[in-house]
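Novice: Mind looking over this structure? Questions follow.
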Amino acid sequence: PCSFGQIGIVTAVIMELFVVFIGYISHMVLADAVDKYNGSNYQDLVGRMCGPTVQLLSQFGLILYFFTLSCATHITMGDQAVKICELADGVDPDTEVEHSWYCKRDFLIPVGSMTLIFPLIWVRNISSFGYVSVFSVFAVFYIVAAIIIDYYKLALDVPEEIWMPDIGILPIMQYLPVFTLGFQCHMTSVPLYYELHQRSVAKYTVVILVTSCLVFVSYMLAGVFGLMTFGSKVNPDVLLDYSSKDGLMTIARGAISVSVIGSYPIFVFLGRGAIDDTIVQIAEKFSVQLERNSEKRRVITLLLWHGLALAIACVTSSFGIVLSFVGSIAALFMLFFPGYMLWIESRSGNWGYKVTGSILMFLGGFTFVWTIVFNVYQIAAGQS
């Protein structure tokens, strides 16, 4: 809803459709590459097509992506816990009475992190967390339904400027990472497609189109109705705008908290694996042989990962900036690397591949650089 409010509903819907389209193209590029080069996961596929140097860069991006998601998990959990705690505290949210100390974000994030999240990072097999994906789908559908129901309950007037405000191209590009993050599943789709027994691009196309349409409709409904409820000042995390006494949203807060906490071990597992692979590959370049998945290295990595993610979450007050950073990295995996793969394939003389690949590379690279520069400027200006 916040992105819809900043660029307008019409522009946001058009941008969503654009991201669905270019995301579909990059999915097809990756599926075709898996069939040709037999890459078992995203970074392996990049290595087989683009060489070890580009593979190393993709692994650094992968580490940064999952680490930033880990920070976002802490922030989301803490923010929702504050609202749930306020309800339990019994203080009227419409008054200026201060809540108890245990309802403070600075207290809830560290306590929730160490009691609920920290024990989960030590698992060696993440297959048991597969149910989280199914639960997350139902949680999204419930949240969208709750946002729509609350809009009709509140029955607020809709200002005309939220539909098509007068803005320039650069403010629009500022919110492109939010949409790329919403539709980015390319890193996980590669190993899933690779493991299919009778895989085909045709069947994969149907799956991508159906899921993209479901995601598009869900985001559009949540964006439109959330914006019409609160106007252009809507919070980047729209659930925070609802009263702590709202029963529908209390359930939604609990559902989203369970979803992100259950996803955290997956982020850490994949991020730690990428770190371990990167360390071993760099050591091999200097003719140093290291044991893969060393227990000592695993413990140190997990402690540093969790500690840094918790520390950053505690000092970061804006969920929007974290979301933007994650989205900028998602643009690399959704656009830049598939574009580079297509550009490499174009060396056989296919100009269509060369042009399409160049466009994807430009969009992914520009989105990443522009977002980093803009957010660093915001932080430096004290707007975080």
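Novice: Hand me the trypsin sites (Lys or Arg not before Pro) from segment 279-384 located in a DSSP loop with no more than 10 other Cβ atoms within 10 Å, in residue order please. Provide the component values of the computation, followed by the final result.
Specialist: Numbers: sites: Lys285, Arg292, Lys296, Arg297, Arg298, Arg347, Lys354; in loops: Arg292.
Filter output for segment 279-384: Arg292.
Novice: Moving on to the next point. For the chain, what is the calculated [θ] at 222 nm in deg cm²/dmol (nearest 500), taking -39500 (n - 2.57) for each run of four or more DSSP H residues and dividing by its residue count?
Specialist: Value at 222 nm, helices only, nearest 500: -25000 deg cm²/dmol.
Novice: Within 10 Å, at most 15 other Cβ atoms, and a DSSP state outside H, G, I, E, B define an exposed site. Report the longest part of the chain free of exposed GluC sites (Glu not before Pro).
Specialist: 99-290
Novice: Whole angstrom only: what separates the Cα centroid of segment 6-73 from the Cα centroid of segment 273-304?
Specialist: Distance between centres, Cα-based: 24 Å.
Novice: For the chain, set up a GNM with springs between Cα atoms under 10 Å and report which of Tyr194, Tyr175, Tyr24 has the largest fluctuation.
Specialist: Tyr194
Novice: Let me ask you something else. Students often get this wrong, so check it: of Lys83/Lys153; Lys36/Lys296; Lys203/Lys285; Lys104/Lys233, which have C-alpha atoms separated by over 29 Å? Present the calculation step by step, with values, prior to reporting the outcome.
Specialist: Working: Lys83/Lys153 20 Å; Lys36/Lys296 37 Å; Lys203/Lys285 40 Å; Lys104/Lys233 23 Å.
Those over the limit are Lys36/Lys296; Lys203/Lys285.
Novice: Can you list the DSSP H helices in the chain whose Cα atoms extend at least 24 Å along the helix axis and whose mean Kyte-Doolittle hydropathy is -1.0 or higher?
Specialist: 9-37, 52-89, 131-154, 201-230, 247-285, 295-315, 351-380
Novice: State in Å² the accessible area per residue of segment 212-264; use a 1.4 Å probe, count heavy atoms of protein chains only, and round to the nearest integer.
Specialist: 36 Å²
Novice: Can you send over the carbon and sulfur percentage of the accessible area for the chain, probe radius 1.4 Å, protein chains only? Walk me through the numbers on the way to the answer.
Specialist: Working: 12500 of 18370 Å².
Carbon and sulfur atoms account for 68 percent of the accessible area of the chain.
Novice: Cysteines of the chain lacking any other cysteine beta carbon under 4.7 Å?
Specialist: Lacking a cysteine Cβ partner under 4.7 Å: Cys2, Cys50, Cys71, Cys185, Cys213, Cys314.
Novice: Another question about this same structure. To check my understanding: the extent here is largest minus smallest coordinate of the Cα atoms along each principal axis. What are those three numbers for the chain, in Å, largest first?
Specialist: Principal extents (largest minus smallest coordinate, Cα): 66, 50, 45 Å.
Novice: Now for a separate question. Defining a contact as two alpha carbons under 8 Å apart and six or more residues distant in sequence, what relative contact order in percent does the chain show?
Specialist: Working: 472 pairs, mean separation 126.3, N = 384.
Over the chain, the number comes to 33 percent.
The values are calculated or read from the model by the stated rules, or taken from the named source; none is laboratory data. Worth saying up front: this structure is predicted, and the values here are computed from it rather than measured. Here Cβ is always computed from backbone atoms with ideal geometry, including for glycine, and neighbour counts include all displayed protein chains. All accessible areas refer to the heavy atoms of the entire protein, side chains included, with ligands and DNA or RNA removed. Shrake-Rupley method; radii C 1.70, N 1.55, O 1.52, S 1.80 Å.
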